Amino acid sequence: MSRTASPSPDLARNARPYLYGGEEAAIASALRSGQYNHGPITDEFEQRIAAFLGVPDVVAVASGTAALHVGLLAAGIGPGHEVIVPSFTFCATVQAIIATGARPRFVEVNHGTGCVEAAQILAALTPDTRAVMPVLYGGRAVDLTSARPALDEQGVTVVEDAAQAFGSRQGQRRVGTTGVVTCFSFGPIKNLTCGLGGAVVPRTPLEADTCRRLRGLGIVEPAARRAETTTYTVGGFGMRAQMSPLNAAVGLVQLDHFTETETRRRALWRGYATALDGIVGVDLVDADVDRTVPPMCAVRVLDGRRDRVFHELRNRGIGVGVHYPPNHTQPAFAAWHRPLPVTERLGREIMTLPFHQHLTLTDAEHAAGELRRVLVGGGR
């Protein structure tokens, strides 16, 4: 959907990426290159993202889920290990942990932000903990500085699920530059989209090399070198998880416009905050918008009314969603269930309002107005 399309907070637009107009030409150019698995365009995307963040290296992969899987494996996480993770996240976070052979240890989040905090991490540590995976819900950075001495002493690695947080900051530093393993998603409705894709920000050159082997079936030699030899070396386990140049081409165009992305997303979130102010029965989830590039606008619908409000707004054509049902209550993860009353309450209250760059401030006011009318029980 191009930037010239008519904006609306309706259901159909929620999953459509916002495009700036040069993406089709970039894909056509990538098609003509004939390199669809991994090629110079992907390399350029990695270099441009690294330069944007101000880090030595970035490893592009096929999806945000692949980034989590590769990042955990590169950090040495595997069978017998435990990974502390909030239950309040998309199920992909947990599936990536299980894919390594490790097990999740679910923890609570702050009810007002949806993010885990250092005290909750420290209270959950066990002798088997080898990684902590904070989820940057709503794009908000998670500062675990106060927990780092204890984590470092036990040899626990921080692997950030920053799927929603590309461009956000922790203090003055971009997420991805704070010295931990950071995993981004570039899916269809993320702050920066490649159509589908992800990336890992490694901590060391060795970790970067490990990530590249893992994403490329364990093959040691890079693709360009393999084309010039009669053999190659498979050094260990690997997956086919490379980012296609077709996706990287889209991401490069998006990156050129990221200043506009930041500005418009923050303005839309602030517009919602103004429009929601004074509506009884709804609390806005704090995104720390001055430092966050928000991918969504989440609210808590209080007093057990979330489900009724959700369905009524959908019936009115307002594209609300639920992000996310708690994972510790899911059948697939029943083996690791722990009582988490704060998360369970949040799971009953959380609702996300339409949020994408097709929207105008007028659209946000309309969605908020419909929410107000539903809550007071009135009609249109």
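The values are calculated or read from the model by the stated rules, or taken from the named source; none is laboratory data. Quick caveat, the model's predicted, so the values are computed rather than measured. Every residue, glycine among them, receives a Cβ derived from its backbone with ideal geometry; neighbour counts consider all protein chains shown. To get the accessible areas, we keep the full protein, side chains included, count just its heavy atoms, and leave off ligands, DNA and RNA. Shrake-Rupley method; radii C 1.70, N 1.55, O 1.52, S 1.80 Å.
How much length is gained on full extension from ARG316 to ASP286, taking 0.36 nm per residue of separation minus their Cα-Cα distance?
Result: 8.2 nm gained on full extension.
For ASP277, ASP283, ASP288, give me the order by solvent-accessible area with a 1.4 Å probe, most accessible first, ignoring ligands, DNA and RNA.
ASP277, ASP283, ASP288
If you average the alpha carbon positions of the range 52-123 and of the range 190-210, how far apart do those two centres end up, in angstrom?
14 Å
Out of the total accessible area of the chain (probe 1.4 Å, heavy atoms of protein only), what percent is carbon and sulfur?
The value for the chain is 53 percent carbon and sulfur by accessible area.
What does the charge add up to near GLN330, with Lys and Arg as +1, Asp and Glu as -1, over the other residues with Cβ less than 14 Å from its Cβ?
Charge balance in the 14 Å sphere: 0.
What's the percent breakdown of Cα-Cα distances in the range 144-258 across 5 Å bins, shortest bin first?
2, 10, 15, 18, 19, 15, 10, 7, 2, 1, 0
So how much accessible area does ARG226 have, in Å² to the nearest 10, using a 1.4 Å probe?
70 Å²
For ARG338 and GLN95, what does the FRET efficiency come to when R0 = 22 Å and r is the distance between their Cβ atoms, rounded to the nearest 0.05?
Result of the calculation: an efficiency of 0.75.
Quick one: pull the percentage of alpha-carbon pairs in the range 60-120 with a separation above 18 Å.
When all Cα pairs of the range 60-120 are counted, 38 percent exceed 18 Å.
If I histogram all Cα-Cα distances within the chain using bins 20 Å wide from 0, what percent of pairs lands in each bin?
For the chain, the pair-distance distribution reads 29, 57, 14, 0.
Based on Cα coordinates alone, diagonalise the gyration tensor for the range 261-380, multiply each eigenvalue by 5, take square roots, and list the semi-axes in whole Å, largest first.
25, 19, 12
How large is the accessible surface per residue of the chain, computed with a 1.4 Å probe and reported in Å² as a whole number?
41 Å²
Using θ = phi - 60° and the Karplus form 6.51 cos²θ - 1.76 cosθ + 1.60, what ³J(HN,Hα) does each residue of the range 194-201 get, whole Hz, x for Gly and Pro?
Each residue's phi maps through the Karplus curve to give 10, x, 8, x, x, 7, 10, 9 Hz.
Once both labels are modelled 7 Å past Cα along the beta-carbon direction, what's the ASP277-GLU153 spacing in nm?
The modelled label-to-label distance comes out at 4.5 nm.
Checking the a/c ratio against 1.5 first, then a/b against b/c, what shape does the Cα gyration tensor give for the range 3-116?
The shape class here is oblate.
I'd like the accessible area for LEU151, computed on protein heavy atoms only with a 1.4 Å probe and all protein chains in place. Round to 10 Å², please.
Approximately 0 Å² for this residue.
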